[in-house]
Every structure is written in C-alpha cells, then in structure tokens.
1. Above 26 Å lies some portion of the pair distances; for the chain, what is it as a whole percent of all C-alpha pairs?
2. Let me check against my output: what whole-number percent is the relative contact order of the stretch 15-96, with C-alpha pairs under 8 Å and at least 6 apart?
3. In Å, what is the Rg of the alpha-carbon atoms in the stretch 127-172, and how long is Dmax?
4. If you take all C-alpha pairs in the stretch 29-126, what percent of them are over 18 Å apart?
5. Restricting to Cα pairs below 8 Å that are 6+ residues apart, what does the relative contact order work out to for the chain? Please round to a whole percent.
6. Calculate for the chain the 222 nm mean residue ellipticity that helices alone would give, adding -39,500 (n - 2.57) per DSSP H run of length 4 or more and normalising by residue count, nearest 500 deg cm²/dmol.
7. Dividing the Cα radius of gyration by the Kirkwood radius, what Rg/Rh value follows for the stretch 81-177?
8. Keeping all protein chains in place, calculate the accessible area per residue for the chain (probe 1.4 angstrom), answer in Å².
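The values are calculated or read from the model by the stated rules, or taken from the named source; none is laboratory data. Note that the coordinates shown come from a computational prediction; the quantities given were computed from them, not determined experimentally. Ligands, DNA and RNA are excluded from the accessible area calculation, which covers all protein heavy atoms including side chains. Shrake-Rupley method; radii C 1.70, N 1.55, O 1.52, S 1.80 Å.
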Amino acid sequence: MTTDNNVAAVQYSWSTDEETFHDQCDSIAAAVAAAVDHHSGDLEIGQTIYIGEVSEISTPSLVDESNIVERMQEMAFEYAGEPSEDYLASVTSEQLDELKKLVAAWADRVERPQFWQVKGALPHVITAEDLGETCEAGQPECGPVTNHDSEGVPLCAVCWEGLLADSQDGDAAEVKS
C-alpha cells in the first residue's frame, strides 16, 4: 500500500500461532480488532496473539536468474553432451539482470504475489478492551474489565470486589474469576 506521497504505508498482520498471519491492517489496533472479529468470541482475556509488520514480497525477489541459466546449461548437456559445455558460459551480469526482469514481468502478468512476509512479530495479550467489554455497572468509577461473574457478566476490579463482599454476606450470586 502506498500513500499520496508514494511512500509505503506501514501495515500490520496478526496471528494466533506466530506462523500463519492474516490480513493487512493500517494499525496495530486494527490488526487486533481484525483478529477479534475473525475469531468471533473465541479469543479470551489473557490469550496471546502476535502482531507484526507486513513486508511485501516483490516478484523479482522470487526469481533466481542464475539458477535458470544453470538449469538450461544442464539440459543442454543432457541433450547434446560435451559439445554444449560452453552454452551460455559468457552470460554477463547485465544479461542476468535482464533475464530476472523478463521472468518477473511475465510472472506478474500471470499472477502477482498475494502473500507477504511478517517481520518483527510481537506478542499482544488480549484485554477486555480489545474484546469490547465494559463493566456491567457502567459507573464513572468503573475501570477496565478484570473478571466475569458465574454468568459471564463482565466486571471491573471495583465491582468485582463489591460482588465478592456481597457474596460473603450471602447476598450475591455465585462468582468466578
């Protein structure tokens, strides 16, 4: 992806296993949101995902022009034997560059790479905020969700402590952390 200034914009990709990365997102937050959306409720608070910077793969980087020439030389020797020993022996570096460009242009016409590498992947621990959870009480003093009651209701630390206190008094429903 490029910006108006023709400068490549940084994009991010996400993974749950640090091997298979998904999506190309404009920010780390967008990559986290894409992971949460993709897993539609299967990610949990405290679970680790990995976010890394997308590095596009250019078609010329996939071409090994020296290998092409070497393989042609091997095939010539298989067909003609000793008389072909000097076939393509005088190929210059400029000619190799030309071959690389020709093969890359052909490959791009057939199919451009729809894959990428990810560099610098770092762990991201899923938070309640990532999951879009807010404390059930919704009070101004409520902080981030840290616990859920036995019915899965999200609660901040303040409300959780209140629920625990109430449960010790016998007034509250069952709690779990």
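1. 59
2. Once divided by the residue count of the stretch 15-96, the mean separation gives 24 percent.
3. Looking at the stretch 127-172, its Cα Rg and Dmax stand at 10.5, 34 Å.
4. 66
5. Answer for the chain is 20 percent.
6. Helix contribution divided over all residues of the chain: -10500 deg cm²/dmol.
7. Value, to two decimals: 1.63.
8. On a per-residue basis, the chain sits at 68 Å².
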